Amino acid sequence: MINEERVILMTRLQSYEDHEGKHNVAIANYFRSDYLGRQILRSIICATLVTVMLFAGYILYDFENFMKDIYQVDLMAFARHILIVYLVFVGIFAVITYIVYAYRYTKAKKSLRQYFNRLKKLNQMYNKE
């Protein structure tokens, strides 16, 4: 005879495996520090590319004035200002990335823990019969 509770539990487990389970297993294959380090490195690279594109866009937007003022501007102060803006932007981006991906890692681990507890429950149901 079919045990309805067991069928419902198996359906939930399969649904989890098909949808968010794949993503969570991929996350859980990393140690927390490795996962966060990888994501932060990716975000720093992306933030650097965005900064370069924004700076290039800024220069190209007003290229004529930029070329006129290039000889009158203190280049060291200008470079220092650009570097400070870059470091602040990347720092903020890295902190946000750390917070978001630490939350995702914790959530994935918790979800997988629930999944394994349900698997144990299903195994116990089979052992009772």
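Observations, loosely collected:
- Those lysines that a straight Cα-Cα span of less than 24 Å connects to Lys107, excepting residues fewer than 8 apart in one chain: Lys22, Lys120, Lys121
- About its Cα centre, region 13-69 has a charge dipole of approximately 220 debye under the convention of +1 per Lys or Arg Cβ and -1 per Asp or Glu Cβ, with nothing else charged.
- Comparing Ala77, Ala47, Ala94 in a Gaussian network model of the chain, where Cα atoms under 10 Å apart are tied by springs, the biggest mean-square fluctuation is seen for Ala77.
- As a calculated quantity, the FRET efficiency between Thr48 and Val73 at R0 = 22 Å, using C-beta atoms, amounts to about 0.40.
- Estimated FRET transfer efficiency (Gln14, Val100; beta-carbon r; R0 30 Å; 0.05): 0.55
- Positive-end ranking of Phe116, Ala28, Tyr58 along the dipole of region 4-128, with charges on Cβ about the Cα centre, is headed by Phe116.
- Using alpha-carbon coordinates, inclination of helix 75-128 to the longest axis of the chain, degrees: 0
- Nearest-ten-degree value, helix 4-16 long axis tilted from longest Cα axis of the chain: 20
- A straight chain from Leu60 to Arg38 at 0.36 nm per residue would run longer than the Cα-Cα distance by 4.6 nm.
- Assigned charges on the beta-carbon of Lys, Arg, Asp, Glu; the chain dipole about Cα centre (debye): 920
- Taking a straight Cα-Cα cut-off under 14 Å and skipping sequence neighbours fewer than 8 places away in the same chain, the aspartates and glutamates within cross-link reach of Lys110 are Glu20.
- Nearest 10 degrees, 0 to 90: helix 32-61 Cα axis against the chain principal axis: 30
- Going from the residue with the fewest nearby Cβ atoms within 10 Å to the one with the most, Ser15, Ser43 rank Ser15, Ser43.
- Taking the chain and dividing mean pair separation by its residue count, relative contact order in percent (alpha carbons under 8 Å, at least six apart): 54
Values quoted throughout were computed directly from the atomic coordinates according to the rules given, and no laboratory measurement underlies them. If you're wondering where the values come from, they're calculated on a predicted model, not measured in any experiment. We place every Cβ from the backbone using ideal geometry, glycine too, and count neighbours over all the protein chains shown.
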